Structures are given as structure tokens and as C-alpha cells.
Amino acid sequence: MPSEAYPVIKEVSVLLDNGILQGSISGTGMRLSGADGKEAVLSGTHNIEKRTGTEISAGGHTFRMPLKISSDGPMKYNGTPYNGTFIFKNSANGFKVSNLIDIENYLRGVIKAEMDPSWPFEALKAQVILARTFAVVSGGKHGDDDLCDSWHCQVYKGISAHDNIADRAVHETSGLILRWKGTPASVYYHSDSGGMVTSPANVWGGDTPYLKPKTEPFAYSGRNTTWEVALSLSAVRSKLEAGGINVGDLISVTPLKRDETGRILSMEVRGSSGTKVISGYKFRNIMGAGTVKSTLFEFGSRSPYINEQRGSFPSAPAASKPLNRTKPAEASEKIDLSEMPDDKEEKIIWLTKKRVFTTLELMEILSRPDDIDSYIEKGIARAEGRLPMPDLPAETSGDDGGAGHEALQVPEIRYVPRLSMAPATGLTVKIFGRGSGHGVGLSQIGAKTMAEKGWTYAQILDYYFPGTTIGQ
């Protein structure tokens, strides 16, 4: 719920470009306003250029930055259309360009760029909630800007990424974020875990209680679930030296330690003039994330892993007590409405705790804040016995007074990877890997598979972020 810990975020500032000297703007009825109070209205396409000091020119006019450009319709920066407002600010070696935009419109420019809208709709909704949560948590990540438009934050492509299905997922989850103990949760997602997700501690350091190494609940096969690449030893040496790892003529690269999922934590780089130990994360970044797609890799050969070894598991999540649902609460149980809090949203939470609403009903209510009064009336009528109570799952869970997701009973998979620790030697380095991305949080291909098996967006998020809650 909105609180002092989570102020309602209306707009985000997205960094589109930085350290440049010129660009172009296009639109109709564009209103330009500089820090010096100078104003102009332009239509069509115009070059925008850095002048001296903090001055910038557009359409034959010169302004002092920051320069604000707004319009009643979309505008283009360097040919890409955007909603919202452009802000041009002075920066080192030129100027920077930001797009100030409503957070829900921002998400419309993100979702298609991050997940294929043709994928199951429940996976798409889970992705929207994570993208919205990430945007809320990332405030000020880039100084004056909350986010950038690249993979460093979330890929944002403005209006060119709008899609009817993705838009519907944004609308149906409007305002919903993932929370941990009442505040926006730290969330991460990636393309493909390869079969097991890892923890932030294993990648960046630091502990996040609800993000622990675990297996995916189902086997799957995606474009990057397995991959391989061959690099010349000289190319590996060149990249390492460019990344500050100088050991002379490269002799070998050897994994030293793996985490619980098999990802390389540390590795030895040995050369003619010495040896250095680096993290698997650093090695991947130096080689290029598009080349070494994850730190879940081996040199020289590929060992069996969870997706090949798990065997057969159920095709859908089971309730914590399958086919054993509680009877509807009776009016005679006398829910004391005098204990109900005053805040409308807290009333809904309180009524859910009293089992007047199901958690799925709660998710629906929270997505329709304009209808909250009618839902409260319905809840009171149920509590007083004037309307029937709902059937509820035998167990629900929540940790912070918010609504927990309906509990799942997923087969616990105890799996210990046994991947090769063999070094890379010889003139060609052959890398056999699994998955794509850092491996923390939600795996997009994993979420797709869950949704195909019948899981809801709430169940998907509960699996990857156990103990968190969904709310506005």
C-alpha cells in the first residue's frame, strides 16, 4: 500500500543519451522553454546542437540549459518517437537527453523490449510487475535520472515498443509492485537461468533474504538454455589485457570455485609472467556478455545438468493441501467489524486476513482502486452474513501484513551440480555454457514455462521471490 516507505511514483526520468554535441527533435507544436526564460514553439524536424558553456540551439533559437521540450502529442528524438517531455541538460563533453514520462507509459515502452508479448499472458503480467517494481526502486540510479534506456537498467524503446497485448498486461496490473516487509522489493530478472537461479550474493555480494539459489520447477529448452563458443587463446589474452588482466603469454584459465548452482565464482588466469584470480562475473564482462552469456559454463566439454537429470515432475502447481479447501467462514463466527482499520486499503487487507476475500480477489481489488468502496461494502456484507463467504485455500502466507500469494506445493528438488573444473588450454578455448544473464531472480524462459503449465502471475512471482507480497 502507499505509505511513507513507498511514496506513489507518478513519473520517471529516463536517460536517453549523454555526452553528445548534436541530435534532432521532431514533432508538432513543440514548446521549448530554457532556464533563461526564453521560449519558442516549433514544428517539424530540427537539429539541436551544443553551443558554448550551457547554451544549446534548436530551430534558430538559442537557450540556456536545462531546456524543456513538451508537446500535446508524441515527439521524436533522433527519429525514435516518445511520449512525455524531453529535458536537455549540460553534461561533460556535451549535453544529455532525458525523457520525463508517466511510469505506466514508461512500462509500455519496456515490456515488449524485455519479453515477447506472444508468450503466455500470466508470464507477461509477472514481467510487468517486476519492471514496475524495478523502476520504483531505481530512483536516482543515474544521478538526476532514475533509469537509463539500456540493458543496464531496463531496455526502453518508447512508442516503437508499444504493443496491444503488452499494454493490456500493464493495464491489468496497474500500480502493482512486489513488496518485502512493506517496502518495494529489490527485484532482478534475466533471460534464462539454464535450470537453476542463484543469489545476488554470488554475483554482486550482499544478502537478499528472499533470493536464494534454487532449481527451476520444470525442465525447459530455450534459445540460450545451452550454448557454446570457441575463442582463440590470443583473442582471450587480448580481451583480458584490455580489461586490466596482464599475465604475459596466456597459458591457462581454470575455474577455482563454483556456487551452489554451478556458476563460476572465481577462476585462475595463468600466464608466462604471473597468475591472477578473478571472478567469473568479471571474466564474462571482459569477454563480452553476448559471447559468454552466463557464468554457468565449463571449458572443453559439457557435463550433465538439472534439465537433463531431473526426471518427471508434475505439470502444474498444487495447492498446499490439494483438493482440501476450507469451508466458507460462517456468519456465526462473528467477525468483529469494530476492529477494522480506518484506511480503505488497510480495510481490504484486514478483511482478507479474516478470510472474507481470497488472495486472488485481493489482487483484483488492488488493481481497481476506483472501485474500492464497493468492494469494502461487499466485504462487510460477507462478514455480516448478508452475502456468502468465499471458498479459501487451506493455507496462505504473508510476512508483512500484506496479502500473501496462494501457497504452492512444489516438489523440492535437491540437486548438486557436478560440473567440470578442467582448465582451458591450447590454442582454442572452447566454452560450453548454460543460460543467459546474471541468473538472479526471475528467469523469463522459466516464467514462460510456468505459465504454460497453468501458473498465475502471483504464483510465478511467489516461486522466484518467496515471502514477498504484491500490492500498490
Restricting the range 202-247 to residues that are assigned to a loop (DSSP other than H, G, I, E, B) and among the basic types (K, R), the residue that is surrounded by the most Cβ atoms within 10 Å (Cβ to Cβ):
K212
Just to verify a result, which residue in the range 130-149, among those that are in contact (Cβ under 8 Å) with a residue 12 or more places away in the chain and over 16 Å from the mean Cα position of the chain (by Cα), is surrounded by the most Cβ atoms within 10 Å (Cβ to Cβ)?
D145
Residues that are modelled with pLDDT under 85 and within 30 Å of A219 (Cα to Cα): which helices (runs of 4 or more DSSP H) entirely in the range 290-406 hold 1 or more of them?
306-309, 359-366
Of all residues in the range 107-139, how many are under 20 Å from R179 (Cβ atoms) and part of a helix (DSSP H, G or I)?
15
Considering only strands (runs of 3 or more DSSP E) wholly within the range 1-102, the ones with at least 3 residues that are more than 29 Å from the chain's Cα centre (by Cα) are 22-33, 39-50, 55-58, 61-64, 67-70
Of everything in the range 150-179 that's open to solvent by 40 Å² or more (accessible area, probe 1.4 Å) and in contact with a strand residue (DSSP E or B) (Cβ under 8 Å, 6 or more places away or on another chain), which residue is nearest to S294 (Cα to Cα)?
K157
Output for the range 249-271, where each listed residue is open to solvent by 80 Å² or more (accessible area, probe 1.4 Å) and either of a type outside the set (D, E, K, R) or part of a strand (DSSP E or B) (or both)
L256, K257, R270
Residues that are of a type in the set (D, E, K, R) and closer than 18 Å to E268 by Cα, drawn from the range 278-305:
K282, R284, E298
Top-ranked residue of the range 150-195 - restricted to ones that are more than 25 Å from V97 (Cα to Cα) and of a type in the set (K, R), ranked as nearest to the chain's Cα centre (by Cα)
R179
Qualifying positions in the range 88-111 - surrounded by fewer than 22 Cβ atoms within 10 Å (Cβ to Cβ) and either over 30 Å from I165 (Cα atoms) or touching a helix residue (DSSP H, G or I) at 6+ places or on another chain (Cβ under 7 Å) (or both)
K89, N90, S91, A92, N93, G94, I103, E104
Out of curiosity, is F465 in contact with a Phe, Trp or Tyr (Cβ under 7 Å, 6 or more places away or on another chain), crowded, with 24+ Cβ neighbours inside 10 Å and of a type in the set (F, W, Y)?
yes
Do we find that R270 is within 29 Å of the chain's Cα centre (by Cα) and on the phi < 0 side of the Ramachandran plot in this structure?
no
List every residue pair whose Cβ atoms lie under 9 Å apart, where the two residues are 6 or more positions apart in sequence or sit on different chains, the first residue falls within the range 18-33 and is farther than 21 Å from P74 by Cβ, and the second residue, located anywhere, is surrounded by fewer than 19 Cβ atoms within 10 Å (Cβ to Cβ) and of a type in the set (A, V, I, L, M).
N18/A92; G19/A92
Does T52 count as over 19 Å from D149 (Cβ atoms), free of Cβ contacts under 8 Å to residues at least 12 places away in the same chain and of a type in the set (S, T, Y)?
yes
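The values are calculated or read from the model by the stated rules, or taken from the named source; none is laboratory data. Because the structure is predicted, anything quoted here is derived from the model rather than measured. Cβ coordinates were reconstructed from backbone atoms using ideal geometry, including for glycine residues, and neighbour counts include every protein chain displayed. Ligands, DNA and RNA are stripped out before the accessible areas are found, and what is left, the full protein with its side chains, is counted by its heavy atoms. Shrake-Rupley method; radii C 1.70, N 1.55, O 1.52, S 1.80 Å.
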